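Inspection log for the structure reproduced underneath, given as C-alpha cells.
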Amino acid sequence: MTSFGERIRAGVAAHGQLCVGIDPHPHLLAEWGLDASAAGAREFGLRVIEAAAGRVAVVKPQVSFFERYGAAGFTALEDVLAAARDGGLLVIADAKRGDIGTTMDAYAEAWLTPGSPLEADALTVSPFLGVGALDGTFELAKRHSKGVFVLAATSNPEAQSLQGAHLPDGGTVSADIVREVSERNARSTAGGEWGSLGFVIGGTVDWQEAGLRPFSPVAPILGPGFGHQGAEPQHLGARFGDLRHAVIASESRSILAAGPDRLAARISERALLYRGE
C-alpha cells in the first residue's frame, strides 16, 4: 500500500495545500442553528465533509469538540470520520495523544488501526515524554501505511519557553524533536519520497527563533495558524522556505465562520489561494 507520505503528497498535488479544520465550537453550532450536543456536532461535521469533498485533500477534526459530549460525542465523531473516508478525504485526527509504553500503543491502535471505529489516516501526537516513547506508534503507523504528526513548534505563546529551551548541545527542544523524527523517516523512506512522520509547526512560528532549519527527507508539515490567526498563503515561502510545498495549511474558524450556506464557496476560495490561482 502507498505510504501516507506519498498519499498526502499526491493529495496536495491534486487539490492544493489547504486543510479544513472541523471544530464544532459551541458558538459556531449556535451560528449554524445547531444544538450544542453530540447530534449538533455530528451534523456540523457531516456538513463540513460534504462541502470539503472534492475541493481539498485533507480535513482535520478537533477531537476535543466531540469528546466533550462523552460516548455520544465519540459516536458522532465515528460517523464524521466514516463520511470523510467515503468522500475520498484524508483525515488527520487532531487528538495530540502522548504517553508511554502500552498506554501510548493503545491510543495508536484506536486511531491508526484499519477498521477501528476511530480510524483516521494520521494522528497528532505529543513528544514531550520523549520521542522514543512514540516508537510503538511510529511502527504501527508504518505497518498500516498511516501517518503521524509530531508536535515540534506550535504557535501558542505558552509553548515557547519549553519548545525553545536550549539543550546542552546548543540546539532547541523543537530542533531536537525534528532531528530525532527525521532520523526515523530516513530509515524508512525511499529516496525522493515524503516521509510519513510529519511535524506540527505553526504558520506564525519564526524558524530562526525556534532554532529550526530545513530537514530531510521531506515530510509533511501540519501548519496551524493560517486564516484566523494571521498566517496567509503568501507567507508560506517566508515562513517555511524550501519546505513550503510540504505544508498542509490548516484553517478552521476563518472557513467555518462563513456558515453552512457559504461554506463550500469559502472552501473553494481559500483552496484556490493555496494553489496560487
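Observations on the model:
Residue-wise test of (1) without any contact (Cβ under 8 Å) to a residue 40 or more places away in the chain; (2) over 21 Å from ARG266 (Cα atoms); (3) surrounded by 21 or more Cβ atoms within 10 Å (Cβ to Cβ); (4) not charged (D, E, K, R).
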residue: GLY5; (1), (2), (3), (4): no, yes, yes, yes
residue: PRO24; (1), (2), (3), (4): no, no, yes, yes
residue: ALA57; (1), (2), (3), (4): no, no, yes, yes
residue: LYS60; (1), (2), (3), (4): no, no, yes, no
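- Looking at ALA246, ALA257, ALA238, just one residue is surrounded by 21 or more Cβ atoms within 10 Å (Cβ to Cβ) and of a type outside the set (Val, Ile, Thr), and that residue is ALA246.
- Single condition GLY227 does not satisfy, out of (1) more than 26 Å from LEU34 (Cβ to Cβ); (2) surrounded by 21 or more Cβ atoms within 10 Å (Cβ to Cβ): (1)
- Test result for PHE66, surrounded by fewer than 20 Cβ atoms within 10 Å (Cβ to Cβ) and touching a residue at least 12 places away in the same chain (Cβ under 8 Å): no
- Scope region 102-127; condition over 16 Å from VAL91 (Cβ atoms) and of a type in the set (D, E, K, R); matching residues: ASP105, GLU109
- Qualifying residue in region 139-149 (condition: at pLDDT 95 or above, part of a loop (DSSP other than H, G, I, E, B) and of a type in the set (Lys, Arg)): yes
- Within region 189-204, the set of residues being surrounded by 17 or more Cβ atoms within 10 Å (Cβ to Cβ) and under 24 Å from ALA10 (Cβ atoms) comprises THR189, GLU193, TRP194, GLY195, SER196, LEU197, GLY198, PHE199, VAL200, ILE201, GLY203.
- Considering region 197-277, the qualifying strands (runs of 3 or more DSSP E), each wholly inside and each with 2 or more residues that are under 17 Å from LEU151 (Cα atoms) and among the small types (Gly, Ala, Ser), run over 247-251.
- Candidates are the residues of region 152-180 that are buried (at least 19 other Cβ atoms within 10 Å of the Cβ) and in contact with a Gly (Cβ under 8 Å, 6 or more places away or on another chain); the one that is farthest from PHE215 (Cα to Cα) is SER155.
The values are calculated or read from the model by the stated rules, or taken from the named source; none is laboratory data. Bear in mind that the values here come from a model prediction, so they are computed numbers and not experimental data. Every residue, glycine among them, receives a Cβ derived from its backbone with ideal geometry; neighbour counts consider all protein chains shown.
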